[in-house]
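Following: one structure in structure tokens, then a few remarks.
The values are calculated or read from the model by the stated rules, or taken from the named source; none is laboratory data. Since we're looking at a predicted model, the values are computed, not measured. So basically every Cβ, Gly included, is an ideal-geometry build from the backbone, and we count neighbours across all protein chains shown. What goes into the accessible areas is simple: the full protein's heavy atoms, side chains included, and nothing from ligands, DNA or RNA. Shrake-Rupley method; radii C 1.70, N 1.55, O 1.52, S 1.80 Å.
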Amino acid sequence: MISPSTSDPIGSDLDPNKPRIGILTSGGDCPGLNAVIRAVAKTGFWMGYEILGFLKGFEGLIDPIQYAILDPVNTSDILSQGGTILGSTNKGRFGGRAGASGRAEIPSEIIDQVRHTFEKLSLEGLIVVGGDGSLTTAQQFHEAGLPVVGVPKTIDNDLSCTAYTFGFNSAVLCCSDALDRLHTTAASHSRVMVLEVMGRHTGWIALHGGIAGGGDVILIPEIPWSYENVVAKIEERKRLGRDFTLIVVAEGAQLPDGSLVSQASDNLQVKLGGIGHVLTAELEQRIDQDVRCVVLGHLQRGGGPTTFDRVLSSQYGAHAMRLIVQKKFGDMVCHDPPHILSVPISEAVGALRTVDPHGSAVITARAMGICLGDTPGFVNPF
Ligand code: F6P
């Protein structure tokens, strides 16, 4: 993480002649965060702005205020780096609590402290790089009259109003790479391999990673499935002379009885994970074949961004600066291919963007004979 300013009093190292904005990264990290930070630092520099990077998500905004002055030099070598030089958290004073509206409400005294920081540091705007939860916080800043813009981040690709969040493509690569590796060992040992991937309550990573990595069965939250149908696919492959099977299961896929497999939960969200092992144990009872489980976990969030995510993150960062200059506060950058545009943050948060069970990726999977777990055999989707 970059070192915070040690100026005393706080803000005494700032340039009084420059307009100034802030940027922070919040929530779970993902590949491409540093590419956004770099794009904002560079774009802002050329536009004559001073850019403050607040540390540890929203926490750096309030006592103790923690920022680093970003410029093209101290952000020059971070394009390909995973994580975030600003640090991040999905806990702390901005974790919020479920209010009457059902959203995580930030206490008014916390928002007042943020307002004080804006005034103290003469911030003309703040770029919040985050997923659904962090952008809900940004929306509350906007409703309180603070000038914010949003950038959609998450490996889950579950934010509304944008075709892609950055980080998703990198996570899909991680998933397909894992399947490539599992393929050879599964084939060598005639095994069934179960790969559990992230994605929270949507199946984007499982579906795209599964197609990209040659999965035979893909189980996602949007399509109910049964053990019988999965077993039927394994047996069908055997009849075709393929005595191994690759199964991709999204962490948020419900079991056939409708339940989610989770490890724990706090007041705000369920901590998903474990369905891979449940599925593996059940298949071991039902088939006469070795079954092994791999949980891909946080590997999907680590490492550097793909070239697609580097370009997308750079476009998002530059466009966020454009929104600041145009004073389009309360908006979130979005990708409406081939355009980079913006929409009100309020439209993007709140409703998950789920996989369309009748969309082109699902149709493609079905057409190639990939089992989605809802039919016992091939069904022509065209
Ligand atoms: O939202 C990104 C994500 O990686 C999800 O796919 C996953 O369910 C969750 O975050 C894991 O969160 P944590 O890092 O808190 O375990």
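Some notes on this structure:
- Elements of type strands (runs of 3 or more DSSP E) contained in the stretch 190-306, each with 1 or more residues being open to solvent by less than 30 Å² (accessible area, probe 1.4 Å): 192-197, 217-219, 245-250, 270-272, 291-295
- Restricting ARG20, ARG38 to residues that are of a type in the set (D, E, K, R) and open to solvent by less than 20 Å² (accessible area, probe 1.4 Å) narrows the list to ARG20.
- Members of the stretch 348-370 found to be in a helix (DSSP H, G or I), in contact (Cβ under 8 Å) with a residue 40 or more places away in the chain and exposed (fewer than 14 other Cβ atoms within 10 Å of the Cβ), listed by number: THR364
- Residue match in the stretch 47-60 (condition: within 28 Å of GLN300 (Cβ to Cβ) and open to solvent by 20 Å² or more (accessible area, probe 1.4 Å)): yes
- The listed residues are VAL114, VAL129, VAL148, and the only one of them that is buried (at least 20 other Cβ atoms within 10 Å of the Cβ) and under 19 Å from ALA351 (Cα atoms) turns out to be VAL129.
- Which listed residue, of ASP156, ASP177, is outside any loop (DSSP other than H, G, I, E, B) and of a type in the set (Asp, Glu): ASP177
- Looking only at residues in the stretch 238-268 that are in contact (Cβ under 8 Å) with a residue 60 or more places away in the chain and in contact with a Gly (Cβ under 8 Å, 6 or more places away or on another chain), the one that is farthest from the ligand (Cβ to nearest atom) is LEU246.
- Restricting the stretch 178-189 to residues that are open to solvent by 30 Å² or more (accessible area, probe 1.4 Å) and of a type in the set (Gly, Ala, Ser), the residue that is nearest to the ligand (Cβ to nearest atom): ALA187
- Within the stretch 47-67, one or more residues are closer than 22 Å to GLY167 by Cα and assigned to a strand (DSSP E or B).
- Screening SER134 on (1) within 15 Å of the ligand (Cβ to nearest atom); (2) in contact with a helix residue (DSSP H, G or I) (Cβ under 8 Å, 6 or more places away or on another chain); (3) among the hydroxyl-bearing types (Ser, Thr, Tyr); (4) more than 30 Å from SER7 (Cα to Cα) shows it passes everything except condition (4).
- ILE2 among the aliphatic types (A, V, I, L, M) and either at pLDDT below 95 or not in a loop (DSSP other than H, G, I, E, B) (or both): yes
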